[in-house]
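To keep things clear, I will list the structure first and then write my remarks on it.
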Amino acid sequence: MRLQGMGASPGIVIGKAWLLNRERVDVQTRTIPAESVASEILRFDQALASSVEQLETVKKQFSDRIGESHSYILDSHILMLKDDMLTEGTRRVIRDERIMAEGALKKVLDKFIAIFNAIEDDYLKERQADVVHVAERILRNLAGHEQVTLADLKEDVIVVAHDLTPADTIQMDRQHVKGFATDLGGKTSHTVIMARSLEIPAVVGMRHITARVRTGDPLILDGDSGIVIVHPDSQTFNRYLEKQRRFIYFERELHKLALLPAETKDGCKLRLSANIETPDDVCGVLEHGADGVGLFRTEFLYLKRRELPSEAEQLEAYKSVIEMVHPEPVTIRTLDLGGDKLIGHIPYSGESNPSMGLRAIRLCLHHPKMFRTQLRALARAGVYGNLKIMFPMISGLRELRLAKEMFYRVCDELRKEGVPFQENIPLGSMIEVPSAAIVVDMIAAESDFLSIGTNDLIQYALAIDRVNEDVAYLYEPLHPAIMRMIRNVMTGAEAADIPAAMCGEVAGEPLYAAALLGLGLRDFSMNPVSVPRVKRVLREVTVEESKRLARQILQLSTAREIEEYTKAYMRARFPEALMWEGAENGNAGTEA
Ligand code: PEP
Ligand code: MG
């Protein structure tokens with residue numbers, strides 16, 4: 001049986017399944033008499049205290065294994081256990097509605113989930129899994145269930161579970177857990193992020209794997225293509241054994257790459273930088289040998305809380321990233337909230353088409369007070385290293401001019417107040433709206449640099465809502481229109497003598513790397529784990545060769561033709577690499 005999920009952490013494992021059977025807690029919503037309210041709140045508080053204690057113990061026990069970079073995930077779970085909205089919120093429901101602790105907690109949790117569901121950003125949306133993990137731990141403590149852990153397995157296994165929490169992942173005995181597959185989970189859940197850095201191959205979003213697999217079943221798990229094979233026949237087994245051998249060799253080579261410079265075979269200097277969402281992500285940036293941060297999405301600072309972040313708080317976050325990455329540059333993008341990415345900070349009128357609504361720079365220009373606070377924090381943070389600022393969703397010159405004007409006004413204010421700030425911080429425009437790609441010469445003339453946001457550029461150019469699963473099959477990065485737009489932006493930037501980077505997902509896909517180089521791209525920004533993979537490709541090709549490839553591609557007329565051509569080219573060029581094979585567009589959760 002071949003099951004398809006989402007490849008979440010690369011690698012191939014062959015082994016036996018071990019099913020994590022966690023009793024599901026039956027959530028009672030029974031009401032309680034008034035005199036039981038106090039004891040019910042006490043019961044809730046005790047379950048809370050046990051939950052904190054358990055997580056503190058995991059943190060202590062495994063501190064050597066998780067290191068600084070991941071203990072923050074446990075810290076964030078511990079903080080959630082102390083968060084008023086969750087704790088006081090639950091106590092209030094127990095008190096006011098006289099519901100049992102389990103039911104009260106569930107009610108509060110549902111409210112959290114509704115808030116997260118309204119978020120458009122995939123990364124932030126998946127943070128709801130963290131709240132669910134925390135609440136389930138409290139529920140298990142309320143029910144007096146034992147907290148099953150993955151710490152003391154006796155033999156090598158592939159863990160199969162409905163869902164895994166970051167605490168589960170940390171406690172996994174690396175010696176024995178060779179991989180994992182879960183029913184739930186998205187590519188950017190904390191569990192997956194950790195699995196990747198612990199280098200445990202994983203497939204998530206399998207929907208029903210726990211119903212199909214029993215402990216002891218022989219499995220093959222392919223963390224690249226997201227495939228799990230149950231009871232493989234001998235032919236399949238041998239094929240994967242060979243694939244595994246190649247993968248191990250390939251990974252070893254990748255590790256060595258972090259230390260090597262990003263340049264083409266013929267010595268053309270490139271910049272491979274990383275995209276981050278929080279200051280904590282910087283560890284991954286350095287680990288994977290990225291040349292600085294090409295995109296710091298600042299939304300996270302605004303979304304994880306109820307009030308707008310203050311100037312001082314933002315300054316602290318930006319400063320810490322800039323200092324850690326110094327002397328390499330950090331490009332911070334001003335706020336890209338909008339439509340349903342807003343949570344209550346700002347009066348919000350329901351928009352029927354939020355991604356085309358009051359989003360990103362439009363929203364900031366509409367709320368100058370909020371924008372001013374961010375710009376002040378940025379200008380001040382500039383003194384701590386090498387900062388560039390870029391504006392999202394610029395659709396024409398007017399917006400760029402207004403944003404720049406506002407920034408210069410903020411600098412004047414700081415000057416008058418005698419507050420230290422950095423003069424002449426480079427100001428750039430994101431090219432992610434087709435109109436900007438068309439008038440790129442005009443935008444380039446008034447920008448210090450450009451950065452192509454392919455995620456949105458594809459969405460707007462091809463009229464495909466990037467979060468609508470029904471049209472996902474039309475989301476084609478290699479559409480000839482996109483190729484031409486990229487080329488146009490590169491030519492426009494070159495004519496204006498300014499650099500143009502790319503920070504959308506396309507920049508981190510090894511399959512596209514040589515073609516992008518051929519279109520003129522020298523500055524790629526991507527998810528930190530992709531850096532060595534893309535670097536590997538780019539260090540092996542010459543500029544001349546990539547230009548030939550790009551010329552060929554630009555003559556083809558459909559995305560399918562371009563994809564097939566590129567895949568065939570890369571397969572022939574890098575026959576030993578596995579990356580192109582994983583690029584199947586499987587439907588998660590299906591049986592293939
Ligand atoms: C993009 O649109 O490509 C981009 C990098 O920004 P985001 O994904 O945050 O919209
Ligand atoms: Mg964008």
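We did not get these values from a lab; they are worked out from the coordinates using the rules stated. All values reported here derive from a predicted model rather than from experimental measurement. Note: ideal-geometry Cβ built from the backbone for every residue, glycine included; neighbour counts use all protein chains shown.
General observations
- Per-peptide packing, taken as the mean over residues of other Cβ atoms within 10 Å, places 220-231, 418-429, 454-465 in the sequence 220-231, 454-465, 418-429 from highest down.
- Sum of -39500 (n - 2.57) over DSSP H runs of 4+, divided by residues of the chain (222 nm, nearest 500): -15000 deg cm²/dmol
- The ranking of 266, 121, 523 by Cβ neighbour count inside 10 Å, starting from the fewest, reads 266, 121, 523.
- The residue list 116, 138, 42 was ranked by how far each Cα lies along the charge dipole of the stretch 34-143 toward its positive end, using unit charges on Cβ atoms, and 42 comes out on top.
- As a ratio to 2.2 N^0.38 Å, the alpha-carbon radius of gyration computed for the chain takes the value 1.00.
- Taking a straight Cα-Cα cut-off under 17 Å and skipping sequence neighbours fewer than 8 places away in the same chain, the lysines within cross-link reach of residue 388 are 319, 404.
- Stokes-Einstein diffusion coefficient of the stretch 424-571, Kirkwood radius over Cα pairs, 37 °C, 0.692 mPa s, in µm²/s: 212 µm²/s
- Cβ charges +1 (Lys, Arg) and -1 (Asp, Glu), total dipole of the chain, debye: 360 debye
- As a rough footprinting exposure proxy, the listed residues 446, 563 were ranked by other beta carbons within 10 Å of their own, and the order from fewest upward is 446, 563.
- Remark: the residue 491-residue 413 segment gains 24.4 nm on full extension, using 0.36 nm per residue and subtracting the alpha carbon distance.
- Cα gyration tensor category, rounded, prolate or oblate, for the stretch 271-582 with a/c compared to 1.5: prolate
- Whichever lysines have a C-alpha closer than 30 Å to that of residue 154, once near sequence neighbours (fewer than 8 apart) are set aside: 16, 59, 60, 178, 187, 243
- Site pair residue 146 and residue 544 shows an inter-label distance of 6.9 nm when each label is modelled 7 Å from Cα along Cα→Cβ.
- Our summary gives the stretch 271-582 a relative contact order of 16 percent, counting only alpha carbon pairs under 8 angstrom and 6 or more residues apart.
- Check: the stretch 34-143 dipole with +1 on Lys, Arg Cβ and -1 on Asp, Glu Cβ, in debye: 300 debye
- Taking 25 °C and 0.890 mPa s as conditions, the stretch 112-242 diffuses translationally at an estimated 154 µm²/s according to Stokes-Einstein applied to its Kirkwood radius (Cα pairs).
- Separation of the stretch 143-177 and the stretch 232-262, taken as the distance between their Cα centroids, equals 25 angstrom.
- Over the chain, Cα pairs under 8 Å with separation of 6+ residues give a relative contact order of 16 percent.
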